[in-house]
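Colleague: This structure is in structure tokens; I'll ask about it shortly.
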Amino acid sequence: MQRRSLLLQISQLPKLHCRFNQAYFFSSGKTQNFHSFPDNNGDPMYSDVPKPRTDKSQRKPYPTPMKELIKRAKQEKELRKSQPCRLLEHPPANGLLVPELVDVAHRVYRARELILSGLSKLLQFIPVQRCRFCYEVHIGNVGHEIRTCTGPKSGSRSATHVWRKGGVGDVIFFPKCFHLYDRVGKSRVVHDERHSTPRIPAILELCIQAGVDVENYPSKRRTKPVYSIEGRIVDFESVAGMDEMETNLFFENVDDTEVDVLRRDPNSELNAEDTNLIELSTRTLDSWFEMIGGVRKIMEKYNVCTCGYCPEVQVGPKGHKVRMCRASKHQSRNGLHAWQEATINDLVGPNYVWHVHDLNGPPLRNDLKRYYGKAPAVVELCVQAGAPVPDQYRSMMRLDVVPPERDEVDLVA
């Protein structure tokens, strides 16, 4: 019996040794090399090519979390119950201008004019192509061969684009919104007023509400804050003498040296013939970043709304009530928009295009699209004209990636 038990123990030794080796191997530090792949998505300096929203039936993501929005609504409701009649103290909710943003609004307005004037001159040297059936734009002499067309009958063309000559409106796009004369007293446009209320670019409306004076689009300026009575805005300021106040209120917080600059013609710097294309492209690109940075600062104080399903935007405390939405689930809303907080991309469409390394080279191929980068159309146009590549778009444009040649495609993994 002892011999049998000894033989049984000896026969089980290889099994124990195998289990011990497996446990030692999988618990050792050498196995960590199999899991330590570099994660490019975690690198803050890496910015991948933006991808369009595939499912248009889903709502846009909220910039502010829903829990935070619910918390703010509860706080406002409690404040309304505790103080039914109160004087609004903080601008621009009380109808007054934000003093530190008046100069920013003028600079954004002037930068927008410089961008449009600069792009119109750059298009005389750098060609722009646009698809006839969709909104795809390409900077170059010949359109690319990447099959991403989503227009009518794109299936019969295998999603191939049909190119034609483009213009300034294809490079940069400013969505329009309704102009509000009184952003606090009458903050909404109803459906019956859709034809009588003018529609202007949303970025222009944002500048007007922040303090820019535009002759054809007047805006009511107040000198005293408004009251909130049970959630409703009440203005006790007398209407007499408002016309004289409006003309002097715009520049009360701006220095005298800045007033002379703002009163000049916005196109004065571009009226002279530009002999250097690089300087023109660099100045246009600088105006682009100045406009984007100024709009972000203004949007921190002034509300801008966008529809959660369509590109419609409205500058003001609330969205309008015009029944013009034709996006997903509009029947349940009777054509009304599903308003939510807007982002900078809703106000100034970046319009990403494929980056071309050589304008005179062959067109971009569809089977090599994973090697190509993207950039906003304004940035791509200015870079092709000679402006330096901005640091924040270097990774997105994939300047460090060399696409293979036609005879090297099969050799690339």
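The values are calculated or read from the model by the stated rules, or taken from the named source; none is laboratory data. Just so it is clear, the structure is predicted and the values come from calculations on it, not from any experiment. Backbone-built Cβ (ideal geometry, glycine too); neighbour counts: all protein chains shown. These area figures cover heavy atoms from the full protein model, side chains too; ligands, DNA and RNA do not enter into them. Shrake-Rupley method; radii C 1.70, N 1.55, O 1.52, S 1.80 Å.
Colleague: For the ranges 173-181, 121-129, 223-231, what's the packing order if you count other beta-carbon atoms within 10 Å of each residue, average per peptide, and put the highest first?
Modeller: By packing density, highest mean first, the sequence is 173-181, 121-129, 223-231.
Colleague: Probe 1.4 Å, all protein chains in place: accessible area of Glu78 in Å², nearest 10?
Modeller: Accessible surface of Glu78 is approximately 130 Å².
Colleague: Bin width 5 Å, alpha-carbon pairs only: give the P(r) of region 86-134 as whole percents, running from 0 to the bin holding the largest distance.
Modeller: Whole-percent P(r) values from 0 Å outward: 4, 15, 12, 12, 12, 10, 8, 7, 10, 5, 3, 1.
Colleague: Tell me the accessible surface of Arg132 in square angstrom (1.4 angstrom probe, heavy atoms of protein chains only), to the nearest ten.
Modeller: Arg132 has an accessible surface of roughly 150 Å² with all protein chains in place.
Colleague: In square angstrom, what is the accessible area per residue of region 113-241 with a 1.4 angstrom probe?
Modeller: In whole numbers, region 113-241 has 51 Å² accessible per residue.
Colleague: Sticking with this structure for a sec: Report, please, the projected area of region 312-405 averaged over directions, based on the convex hull of its C-alpha atoms, in nm².
Modeller: That works out to 9.3 nm², a quarter of the Cα hull's surface.
Colleague: Now a separate question. Translational D (Stokes-Einstein, µm²/s) of region 120-228 at 20 °C and 1.002 mPa s when Rh comes from the Kirkwood sum over C-alpha pairs?
Modeller: Approximately 122 µm²/s, per Stokes-Einstein.
Colleague: Could I ask something else about it? What distance in nm separates the two pseudo spin-label positions at Asp358 and Glu230, each 7 Å out from Cα along the beta-carbon direction?
Modeller: 7.5 nm
Colleague: Using a 1.4 angstrom probe on the protein heavy atoms only, could you order Ser196, Ser287 from most to least accessible area?
Modeller: From most accessible down to least: Ser196, Ser287.
Colleague: Turning to a different aspect of this structure: Using alpha-carbon pairs under 8 Å, 6+ residues apart, how would you state the relative contact order of region 282-413 in percent?
Modeller: Contact order relative to length: 21 percent.
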